[in-house]
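The values are calculated or read from the model by the stated rules, or taken from the named source; none is laboratory data. Please read these numbers as outputs of a predicted model, since none were measured by experiment. Cβ sites come from the backbone with ideal geometry, for glycine too, and all protein chains shown count toward neighbours. The area values use the complete protein model at the heavy-atom level, side chains included, leaving out ligands, DNA and RNA. Shrake-Rupley method; radii C 1.70, N 1.55, O 1.52, S 1.80 Å.
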Amino acid sequence: MSWDALYSSAFDKVRGNIGNVGGVLLAYNTNIDAIKYLDSRDLERRINSVGKDEVMRYSDEIPEKITSLEHLLGGILWSVRRGKAAELFVESCTVRFYMKRWGWDELRMGGQVGIMANLLGGVYGVPVIAHVPQLSRLQAELFKDGPIYVPKTEDGKLRLVHPKDFVGDEENCIHYIYEFPRGFRAFDFEAPRENRFIGSADDYNPNVYIRPEFTEHFEEIASNARLAIISGLQALTKKNYREPFEEMKRHLDVLERRNIPVHLEFAFTADETVRKALVDVLGSFHSIGLNEVELASIMEVVGEKPLAKKLLAHDPVDPLAVTEAMLKLAERTGVKRVHFHTYGYYLALTAYKGEFVRDALLFAALAAAAKAKLGDVRSIGDVVKAMNVPVNEKAKTVEAVLEEKYGMKNGIADVDGYQLSFVPTRIVKKPKSTVGIGDTISSSAFVGEFALRP
Ligand code: AMP
Ligand code: GLC
């Protein structure tokens, strides 16, 4: 069958069945994304007025956190020069105020939980329960209508309410997202691809603050879920990770007792101690989702440095290196599903077999193309319209390599007792923005798979 035909049949199947999935629990990070599309002249003017030499220093070596304007502007340049995403915590009030005055073009739902809640609940109609560390009025307004719930306690009793009915009036957790297109110029630098730099003016999500409603009523909250997705651990450091990890492990125990498969959305985690700690708990998860930089960063901490290098050496990413790394991760930790996404194709390694794994990836690729094109997926109609985005031509060489090495057919092969599923994705030439595409892919594929399971 052609990829177009496989895409179309996968979409129909997922759309027909996604209503049967049941509740999805999403924890822990939700915030407000204030998106600013960078303008070259404006950026250069700001850098000159703060002091170009000092800013340039940080474009060579990215700071650990933002405590000055030089850090902020240098961090943005660091991302632009490399076409790479980065996210830093903004500690200084002066910088927070500067970013606020610089302004934004758009306010959008942010954080993996927030983005997935709006997609799963607001677009697919799948009931979700979301952890929102702070529910300000603005944060609440960014939630779409639909079966999206947050826990609220009244007189010690738990209720599940739509975020707009929470009426919390808590703090705003704002992440300033500086987006730039491929070819964006600043001084002598030119961005090799589109991407973003994030400055998080947020004291809750970076520390994985867990709300008392979740700590006190987790059993009851979990009783409403059939699936769970955990995310938001990426900013933790060796200094502060222990407490949220203990609470997460308690949550994982409850979910395991209830036979609820849990997906870990693994965002880039700079701290090696935290990364290792995540690998150590991975066996308690059913599934993990990651991109090439994230997979390489895991290979680095499990003593596979040469493999980590290989993962970052080619464009498109070498699928044999990816498969080897996914196998190592699955065998070492016992995680049953590894979902890898990169620019142009996805792979999933699963300890179980069936076309539904590949079909869920196809559905996810359509959702990703819609997200890239529009910035926000408003309806399932937006997803099906992404059928017009062409299938990535470069993925043909990737497919040929997999056919040759593993005898792959229609995107499915047996590898060492696992199933390897492959799909070429649809690439939007001029994406509206880049933030949140990874979350769209991972949540659509994970939930899509459970919609299609026999
Ligand atoms: P992450 O790096 O986790 O945010 O995820 C980004 C993912 O989004 C990549 O791995 C690609 O699969 C996908 N992606 C990025 N840009 C585009 C685009 N222009 N069109 C379609 N998918 C994209
Ligand atoms: C991170 C950022 C958040 C953004 C999300 C997108 O969680 O903190 O601002 O919306 O990534 O994936």
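Tabulated values for the structure
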read-out: Yes/no for I229 being within 16 Å of ligand 1 (Cβ to nearest atom) and not in a helix (DSSP H, G or I); value: yes
read-out: Count - residues of the range 283-324 that are buried (at least 18 other Cβ atoms within 10 Å of the Cβ), within 25 Å of D253 (Cα to Cα) and either within 16 Å of ligand 2 (Cβ to nearest atom) or not β-branched (V, I, T) (or both); value: 7
read-out: Wholly within the range 284-358, helices (runs of 4 or more DSSP H) carrying at least 1 residues that are on the phi < 0 side of the Ramachandran plot and touching a residue at least 40 places away in the same chain (Cβ under 8 Å); value: 292-301, 319-333
read-out: Residues of the range 156-198 satisfying the condition of being more than 30 Å from Y343 (Cα to Cα), open to solvent by 70 Å² or more (accessible area, probe 1.4 Å) and assigned to a strand (DSSP E or B); value: K157, R159
read-out: Pairs, first within 20 Å of A330 (Cα to Cα) in the range 419-443, second in a helix (DSSP H, G or I) and within 9 Å of ligand 2 (Cβ to nearest atom), C-beta under 9 Å, six or more apart; value: S442/Q112; S443/Q112; S443/I115
read-out: Residue match in the range 64-77 (condition: open to solvent by 40 Å² or more (accessible area, probe 1.4 Å), within 15 Å of I198 (Cβ to Cβ) and either within 15 Å of ligand 2 (Cβ to nearest atom) or of a type in the set (S, T, Y) (or both)); value: yes
read-out: The one condition in (1) more than 13 Å from ligand 2 (Cβ to nearest atom); (2) in the same structural domain as R81 (by TED's automatic domain parsing) that A228 fails to fulfil; value: (2)
read-out: Residues of the range 102-123 satisfying the condition of being in a strand (DSSP E or B) and within 16 Å of ligand 1 (Cβ to nearest atom); value: R108, M109, G110
read-out: Output for the range 88-99, where each listed residue is part of a helix (DSSP H, G or I) and in contact (Cβ under 8 Å) with a residue 12 or more places away in the chain; value: T94, V95, R96, Y98, M99
read-out: Positions within the range 22-37 being away from ligand 2 (no atom under 16 Å from the Cβ) and either under 23 Å from R96 (Cβ atoms) or crowded, with 24+ Cβ neighbours inside 10 Å (or both), in sequence order; value: V24, L25
read-out: Pick from the range 368-383, criterion closer than 16 Å to V14 by Cα and in contact with a Leu (Cβ under 7 Å, 6 or more places away or on another chain), ranking: surrounded by the most Cβ atoms within 10 Å (Cβ to Cβ); value: V383
